[in-house]
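Working notes, beginning with the structure itself.
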Amino acid sequence: MSKPVRGRFAPSPSGRMHLGNLFCALMAWIPVRAANGEMVLRIEDLDPDRSKLEYALQIEDDLRWFGLDWDEGGQKGGPCGPYYQSRRQSLYEECFHRLEEKGLVYPCYCTRGELHSAQAPHREDGMPVYSGRCRSLSPEERARLAENRRPAWRLTVPDGEVSFVDGWQGKYRENLARDCGDFIIRRSDGVYAYQLAVVADDGEMGITQVVRGCDLLDSTPRQLYLYRLLGYPEPEFFHLPLILSETGKRLSKRDRDQDLGYLRSFYGRPEPILGQLGFRAGLLDRPESVTAQELVQVFSQHPERLSLKKSAL
Ligand code: GLU
């Protein structure tokens, strides 16, 4: 028997969810429920300055209001818990040490200013491709720099291509050394980076399919590299087109008219909102009112209707 599908929704509790976050939760949930799989809710509260428990609780309340449920995670707990990243430090530490033992981790003393002033090509997300400046510092140079600065920790990447086929965006490839450079796995304030935590968590939680926004498409090669180094089986990836605001910008948690607090009180019930999202996903011919469960039925009967090929980036 093949293993059950295990999907997840992994929100950051840094504000009220907006329509784009809900779209992502819905698109992660529908295929899992259609496959009688298991759904995990993981709260990505790695960054202590931006995360709040009240937002995490609000996320649970919003998901329930829309009829989306989960088998493990959040306050409910489960066999792979805890499901709050802030409580999973020991796992990240262990992964960090495994990478260190492979000789692939080094301290980086570059300041933000130095990184941005370097004559390096820039990634799509505006970050410079890291030059490897701190990779070959001598022990003496490291000791001298460590007197005034706490380092971030970078993972050495190979000069080789990582490619994968995204379920919605098609083939995607990146040469890690050329397009990204050695990347941070632990910040200078000691917080483990998203790239490391997300792989450790999805790996340990046995996630088989990752559905998330297209803004994370270009993180995936870095994550696949980590999957291989840490020896976790790779999930399938599906990156969703982002929902844009009326001015054509990415939705942010500051766009009040798209936040779920506003939408819930404006519509009073979930069905019209779910209808709009089902229509956007190609599951409905028009934005008519539906329940989340009805969308699962449509998808179960006509999975080919889901048409999310185009990235809005
Ligand atoms: N926590 C991330 C976010 O809310 C999502 C990470 C992921 O799905 O891999 O944008």
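The values are calculated or read from the model by the stated rules, or taken from the named source; none is laboratory data. A quick note: this is a predicted structure, and the numbers were derived from the prediction, not measured. Please note: Cβ atoms are built from the backbone with ideal geometry, for glycine as well, and neighbour counts cover all protein chains shown.
A few remarks follow.
- Within the span defined as segment 265-287, every residue fails to be hydrophobic (A, V, I, L, M, F, W, C), modelled with pLDDT under 90 and closer than 21 Å to VAL211 by Cβ.
- When ALA200, ALA120 are checked against the criterion of being touching a residue at least 40 places away in the same chain (Cβ under 8 Å), among the small types (Gly, Ala, Ser) and buried (at least 20 other Cβ atoms within 10 Å of the Cβ), a single residue qualifies: ALA200.
- If you filter segment 203-227 down to residues that are in a loop (DSSP other than H, G, I, E, B) and among the hydrophobic types (A, V, I, L, M, F, W, C), you find that the one that is farthest from the ligand (Cβ to nearest atom) is MET205.
- Count of residues meeting criterion [more than 13 Å from the ligand (Cβ to nearest atom) and among the aromatic types (Phe, Trp, Tyr)] in segment 228-242: 1
- Inter-residue pairs, beta-carbon under 8 Å, first polar (S, T, N, Q) and in segment 258-277, second assigned to a helix (DSSP H, G or I), 6+ apart: GLN258/LEU19; GLN258/GLY20
- Unmet criterion (only one of (1) part of a helix (DSSP H, G or I); (2) within 16 Å of the ligand (Cβ to nearest atom)) for LEU263: (2)
- Hey, TYR84 in contact with a Gly (Cβ under 7 Å, 6 or more places away or on another chain) and under 28 Å from ALA10 (Cα atoms) or not: no
- Unique match (being of a type in the set (A, V, I, L, M), away from the ligand (no atom under 13 Å from the Cβ) and in a helix (DSSP H, G or I)) among LEU99, LEU22: LEU99
- Applying the set (1) touching a strand residue (DSSP E or B) at 6+ places or on another chain (Cβ under 8 Å); (2) more than 14 Å from the ligand (Cβ to nearest atom) to GLN85 leaves exactly one unmet item: (2).
- Which listed residue is polar (S, T, N, Q), more than 14 Å from the ligand (Cβ to nearest atom) and at negative phi, from SER2, SER12: SER2
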